[in-house]
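*Asks:* Take this structure, written in structure tokens, and hold onto it; I'll ask about it next.
The values are calculated or read from the model by the stated rules, or taken from the named source; none is laboratory data. Remember, it's a predicted structure, so these values are computed and weren't measured experimentally. So basically every Cβ, Gly included, is an ideal-geometry build from the backbone, and we count neighbours across all protein chains shown. Note: accessible area is taken over every heavy atom of the protein model, side chains too, but ligands, DNA and RNA are not part of it. Shrake-Rupley method; radii C 1.70, N 1.55, O 1.52, S 1.80 Å.
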Amino acid sequence: MITFFIALILLIVGYFVYGKFVETVFHPDERSTPCVVHPDGVDFCPISKGRAFLIQLLNIAGLGPIFGALSGAIWGPSVYLWIVLGTIFAGGVHDYLSGMLSLRNDGASISEITGKYLGTSMKQVMRVFSVILLVMVGVVFMVGSAGILAGITGFSKNIWVLIVLAYFFCATLLPIDKLIGKLYPIFGICLIIMAIGVGGGTVLNAIKDPVNHPMVELTFQNFRDDGLAMWPFMFITVACGAISGFHATQSPLVARCVVSEKEGRQIFYGAMVAEGIIALIWASAGIAFYYNKDTSIGSITANLAAMGGGNSTTVMEISKGLLGPIGGVLAVLGVVACPITSGDTAFRSARLTIADWFKIDQVNMKKRLVLTIPLLLIGYAISFVDYSVIWRYFSWSNQTLAMIALWAAAVYLHQHKCNFWIAAIPATFMSAVSITYFLMAPEIYICLASQLAYPIGIVCALALLVLFWFKTVGSNKSHSAKA
């Protein structure tokens, strides 16, 4: 329990200390924001700071900090470290810089931002990559929320998929302040109640029954029975609970509605810290709830693994077990709000990314329909693919996009004579994670042994850092010397 509360305190302190440092490095000013310069009543709509924070939180807090955290908890309490350090030094920085760069570039999508700072070729790659990722995210969250609702109501999962899809259609198509802006504050309250309820229930359970439901203290031991390595698999699995490239696609949605750059830290960095807290709560709940006093120390999370880690069944069982039938339903409704409110904005972001790509005016309803309908039909078709397969590909592509967004931010910071290391260091780290996973993951079929994948991943990440240095810092020094 001590580890849990220390981790919780570190996340809060990290927001006030490191978040303030990142804000100081970026130096937000009084310039007019996109929604003030040209409000269009559809995507560029001025929104208050509080509502913008809730929308950003619900945009990014899909199933990742819940399903991902529960699956990451199978490795044991070491997951706490990745959630805390990842959120403060990587995820918070990534989300803040993604949002602020969009503000500085007229609300541009992450693909357009990447192209500006990393070149035209990378822009084309990111356009395709981000649209594919966003559709996969929308499908993952659509199917995940439908599974939870099916468990609550007893209705067919397929029926719920169609109902959620209909909602996604409205949220993708309508002006942001008509549906999303009105519903998200309500969903935000559900999410907060869920987090407090599950966190409080876990703590009380540990106090009442420290033998069978202890909140296990930090250890670096790998508790998985199958011995699957923490590096890089845990860092990919937890995803949204520490850092997520999906967030870089969502931040521009809110950036188009922010009325002052100085609100950026509370909205973008603050929402990521809030998501880190949600992930911490669910990781702790998973370990404590499925702990068995007869389980050996080497397989302490075997019961959680047997439940399949993060999935709708696990969430239902934990929620009802901690809070009883009524409290469990309320908690699950909070969990449902996460994927639904991220899935709808995933498809909305895909629409806007394509619109930015082909310069399609989105004020016109017919033009929005032309993009919205095909995206949702493709998403519905993909929903019939095995959920676990989609999640694995989503997790890797998600962290790869985070890596690219951080490199773009590092270039921007260097160009503006700021401390680029706040982005370059996590970019290098995430490059090592993504490349190593790509070389080892069974679904990608390269499947190199760890003895080869580890050094290759690290060397490639360092090579990217060297390339960044020579293309930016080294190039400037060369020009200065010639001058």
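*Asks:* Give me the accessible area per residue for the chain, probe 1.4 Å, as a whole number in Å². Before the final figure, lay out each step's value.
*Replies:* Working: 17920 Å² over 483 residues.
Computed with neighbouring chains in place, this is 37 Å² per residue.
*Asks:* Given a 1.4 angstrom probe, I'd like the percentage of the accessible area of the chain that is carbon and sulfur, rounded to a whole number. Please list the in-between numbers first.
*Replies:* Details: 12670 of 17920 Å².
Carbon and sulfur atoms account for 71 percent of the accessible area of the chain.
*Asks:* Further, regarding this structure: If I model a spin label as a point 7 Å beyond the Cα along the Cα-Cβ vector, how far apart are those points for K157 and I382 in nm?
*Replies:* Going from the K157 label point to the I382 one covers 1.8 nm.
*Asks:* Give me a comma-separated list of calculated 3J(HN,Hα) values for segment 68-77, in order, Karplus coefficients 6.51, -1.76, 1.60 applied at θ = phi - 60°, integers in Hz, x for any Gly or Pro.
*Replies:* My calculation for segment 68-77 gives x, 5, 5, 5, x, 5, 4, 6, x, x Hz in order.
*Asks:* How big is the gap, in Å, between the Cα center of segment 1-67 and the Cα center of segment 226-298?
*Replies:* 14 Å
*Asks:* Give the shape of segment 143-193 as rounded, prolate or oblate, defined through the alpha-carbon gyration tensor: a ≥ b ≥ c are the square roots of its eigenvalues, a/c under 1.5 means rounded, and otherwise the shape is prolate if a/b is larger than b/c and oblate if not.
*Replies:* Details: a/c = 3.56, a/b = 1.38, b/c = 2.58.
The shape class here is oblate.
*Asks:* Now for a separate question. Can you work out ³J(HN,Hα) from phi for every residue in segment 276-286, in order, using Karplus 6.51 cos²θ - 1.76 cosθ + 1.60 and θ = phi - 60°, giving whole Hz and x for Gly and Pro?
*Replies:* Going residue by residue, I get x, 5, 4, 5, 4, 4, 6, 5, 5, 4, x Hz, with x marking Gly and Pro.
*Asks:* Sorted by packing (mean other beta-carbon atoms within 10 Å per residue), highest first, where do 164-175, 19-30 land? Before the final figure, lay out the partial values.
*Replies:* On the way: 164-175: 19.2, 19-30: 15.7.
In descending order of packing, they fall as 164-175, 19-30.
*Asks:* Roughly what would the spin-label model give for A306 and F470, points 7 Å off Cα along C-beta, in nm?
*Replies:* About 5.5 nm, to one decimal.
*Asks:* Between V459 and D40, what is the label-point separation in nm under the 7 Å Cα-to-beta-carbon projection?
*Replies:* The answer from the label model is 4.7 nm.
*Asks:* Provide the FRET efficiency to the nearest 0.05 for the F5-D361 pair, computing r from the beta carbons and using R0 = 51 Å.
*Replies:* Working: r = 51 Å, r/R0 = 1.01.
Taking R0 as 51 Å, the efficiency between F5 and D361 is 0.50.
*Asks:* Would you mind checking the pairs K157/K359; K123/K262; K262/K359; K49/K471 and listing those with alpha carbons more than 31 angstrom apart? List each step's numbers first, then the result.
*Replies:* On the way: K157/K359 37 Å; K123/K262 28 Å; K262/K359 29 Å; K49/K471 37 Å.
Violating the 31 Å Cα-Cα cut-off are K157/K359; K49/K471.
*Asks:* Let me ask another. Could you please state, rounded to a whole Å, how far the C-alpha centre of segment 398-445 is from the C-alpha centre of segment 184-204?
*Replies:* 32 Å
*Asks:* FRET efficiency for L452 and I425, Cβ-Cβ distance as r, R0 = 35 Å, nearest 0.05? Each step should come with its number before you reach the end.
*Replies:* Details: r = 25 Å, r/R0 = 0.72.
Calculated transfer efficiency: 0.90.
*Asks:* Follow-up question, since we're still on this one. Quickly estimate the mean residue ellipticity at 222 nm for the chain, helices only: each DSSP H run with n ≥ 4 gives -39500 (n - 2.57), and the total goes over all residues, rounded to 500.
*Replies:* Computed mean residue ellipticity for the chain: -23500 deg cm²/dmol.
*Asks:* With unit charges on the beta carbons (Lys and Arg positive, Asp and Glu negative) and the dipole taken about the Cα centre of the chain, which residue among I176, I83, F358 sits farthest to the positive side?
*Replies:* F358
*Asks:* How large is the charge dipole for the chain, taken about the Cα centre, if only the Cβ atoms of Lys, Arg (+1) and Asp, Glu (-1) carry charge, to the nearest 20 debye?
*Replies:* Computed charge dipole of the chain: roughly 980 debye.
*Asks:* Which part of segment 337-378 falls in the paramagnetic zone of K178, meaning amide N under 13 Å from the point 7 Å along Cα-to-beta-carbon?
*Replies:* Counting backbone N atoms under 13 Å from the label point, the list is 363-369.
*Asks:* Hey, what's the Cα Rg ratio for the chain versus the globular rule of thumb, 2.2 N^0.38 Å? List each step's numbers first, then the result.
*Replies:* Working: Rg = 21.4 Å, N = 483, 2.2 N^0.38 = 23.0 Å.
Taking N as the residue count of the chain, the ratio is 0.93.
*Asks:* Dipole of the chain (Lys/Arg Cβ +1, Asp/Glu Cβ -1, origin at the Cα centre): which of P28, V161, P374 lies farthest to the positive side?
*Replies:* My answer, from the dipole projection, is P28.
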